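First up is the structure itself, then whatever we jot down about it.
The values are calculated or read from the model by the stated rules, or taken from the named source; none is laboratory data. The structure presented is a predicted model; accordingly, all values stated were derived computationally and were not measured. Cβ: placed from backbone, ideal geometry, glycine included. Neighbour counts: every protein chain shown.
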Amino acid sequence: MQNETTSLRAKPRLSLGQIINMSVGFMGIQFGFALQNGNASRILQGFGANVEELPNFWLVAPVIGLLVQPIIGHYSDRTWTRLGRRRPYFLAGAICACIALCLMPNAGGLATFIAPLWIGAGMLMIMDASFNVSMEPFRALVADKLPGDQRTLGFSVQTALIGVGAVVGSWLPYVLANWFDIPNTAPDGQVAPNVKFSFYIGAAVFIATILWTVISTKEYSPEEVAKFEEEGAAGEEGSGSFFDIFKDIRHMPKAMKQLGIVQFCAWFGLFSMWVFTTPAVAHHIYGCAIDDSSSKAYQDAGDWVGVIFGVYNFVAMLFALALPMIAKFVGRKKTHAISLTCGAIGLISVYFIKDPHLLIYSMIGVGIAWASILAMPYAILAGSIPLKKMGVYMGIFNFFITIPQIVSGIFNRPLVKYAFGSEAIYALVMAGVLFLIGAVAVLFVEDKN
């Protein structure tokens, strides 16, 4: 026993450059997500979707994530190839995502027997499934590679790079239209050229950044992992059966269950924001009719939403760098509570704004919350997960991201149509209230190293 104990060793600390390299691919994933979040609603409306129907189409994405991520996490824990165990999933997801990014804005030209709306929805489904295949192994890779005292830094650097990708992806349609004079309007049933070119550029950035991480980052071999001290205390690995996932769900750590409430509030609110900000801004601030999706004013509103989404991602990128220092002084739970409160103020303030330029200030609060949502729950959770099950539990934790989006997609349609009178602005106010509830709930979460 003594020999076995002394053979265990701690994982080596990594340089800042190494930490950046292994998260560069996540920057590309978020570039694609930003294009999807900022433009999918107006693409689908351009293909004929009504505003209250939008949650139905967006519902497909979290359902796919609910199914895909735990399976990817489970098998990435247990497979080993020449590329390692996480990197093959990065690469496969990136290839599929690039295809979907190129095809979605061209759904109108592909519609021979099926309506463009349904082809666009199908591309949205494939795109999000591919993002999920690539995304969750990145969370596990940070935990795989970094010792415990570097994990908050690792997730914060990852969040900062997510911000870079999201800023550029969000602003790209506006930049192409206003700096390069690429048209932002198109006939009914077609997608504006500035959006099309943005998706093409997004596909190229996605694959390039994934390849950067795949080439620059090496994973620890199974033999190396077995020698790390955390691994020695991790317990039995299990049979490797697919059905072990259900056993892991039953035995999820207490902190994960508690974080589920916080995540539900945050991601229900985020889903509402992504789906309804464009129609809310177009109607409430730009004065467009509720069923208007093809006018110049509506497209201007859509481009401006891309800009303000870029603002909140830019703020998140900067604030993420401060998260480790803030958490050191006030703790991770209070840091997350304060951040969610800032997001709540930002979302609720949209209701009181009439000048679209003032939305930039609203997005500062949203950006603070977004930075914390992408980092702090994972930093809290990582201390409660056995290293051998890091991938599968990061995938299971995705339940608390996808389930609230599914619930949001189901209930937002009747809420917006009947309770809110098709006024999308009230969905943003509701999102802000949920952020406040999440801020209170996080204070009761168990946080340990």
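Can you pull out the residues in region 175-198 that are under 21 Å from residue 47 (Cα atoms), surrounded by fewer than 23 Cβ atoms within 10 Å (Cβ to Cβ) and in contact with an Asp or Glu (Cβ under 9 Å, 6 or more places away or on another chain)? Correct list: 184 only.
Matching residues to (1) out of contact with any strand residue (DSSP E or B) (no Cβ under 6 Å at 6 or more places or on another chain); (2) of a type in the set (Ser, Thr, Tyr); (3) in a helix (DSSP H, G or I); (4) free of Cβ contacts under 8 Å to residues at least 40 places away in the same chain:
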| position | (1), (2), (3), (4) |
| --- | --- |
| 190 | yes, no, no, no |
| 198 | yes, yes, yes, no |
| 207 | yes, no, yes, no |
| 210 | yes, no, yes, no |
| 219 | no, no, no, no |
| 224 | yes, no, yes, yes |
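Restricting to region 69-94, and then to whatever is assigned to a loop (DSSP other than H, G, I, E, B) and surrounded by fewer than 19 Cβ atoms within 10 Å (Cβ to Cβ), can you tell me which residue is modelled with the lowest pLDDT? It comes out as 79. Just to be sure, is residue 394 of a type in the set (A, V, I, L, M), surrounded by 24 or more Cβ atoms within 10 Å (Cβ to Cβ), within 22 Å of residue 262 (Cβ to Cβ) and at pLDDT below 85? Answer is yes for this residue. Every test in (1) modelled with pLDDT under 95; (2) surrounded by fewer than 24 Cβ atoms within 10 Å (Cβ to Cβ) is passed by residue 349 save one, and that test is (1).
Taking region 43-65 as the range and being β-branched (Val, Ile, Thr), under 20 Å from residue 103 (Cβ atoms) and at pLDDT below 75 as the test, only 60 passes. For region 165-188, a residue qualifies if it is part of a loop (DSSP other than H, G, I, E, B) and of a type in the set (Gly, Ala, Ser), and exactly one does: 186. Looking across region 402-449, the residues that are at pLDDT 90 or above and of a type in the set (Phe, Trp, Tyr) come down to 426, 435, 444.
Only a single criterion out of (1) crowded, with 23+ Cβ neighbours inside 10 Å; (2) at pLDDT 75 or above; (3) more than 18 Å from residue 394 (Cβ to Cβ) is not satisfied by residue 164, namely (1). Considering only region 138-156, state which residues are modelled with pLDDT of 80 or more, buried (at least 24 other Cβ atoms within 10 Å of the Cβ) and among the hydrophobic types (A, V, I, L, M, F, W, C). Selection gives 141 alone.
Among the residues making up region 269-303, those that are within 15 Å of residue 413 (Cα to Cα) and of a type in the set (Val, Ile, Thr) are 275, 277, 290.
From the list 255, 266, 203, 226, exactly one residue is surrounded by 17 or more Cβ atoms within 10 Å (Cβ to Cβ) and either among the charged types (D, E, K, R) or modelled with pLDDT under 90 (or both). Which is it? It is 255. Screening 84, 25, 17 for residues that are in contact with a helix residue (DSSP H, G or I) (Cβ under 7 Å, 6 or more places away or on another chain) and either hydrophobic (A, V, I, L, M, F, W, C) or closer than 26 Å to residue 145 by Cβ (or both) leaves exactly one candidate, 25.
Just give me the residues in region 316-326 being touching a residue at least 60 places away in the same chain (Cβ under 8 Å) and either surrounded by fewer than 22 Cβ atoms within 10 Å (Cβ to Cβ) or closer than 27 Å to residue 172 by Cα (or both), in sequence order. Selection gives 316, 317, 318, 320, 321, 324.
Within the option set 431, 441, being crowded, with 23+ Cβ neighbours inside 10 Å, of a type outside the set (Phe, Trp, Tyr), touching a residue at least 24 places away in the same chain (Cβ under 8 Å) and assigned to a helix (DSSP H, G or I) holds for one residue only, 431. For region 9-31, a residue qualifies if it is within 18 Å of residue 202 (Cβ to Cβ) and β-branched (Val, Ile, Thr), and the qualifying residues are 24, 29.
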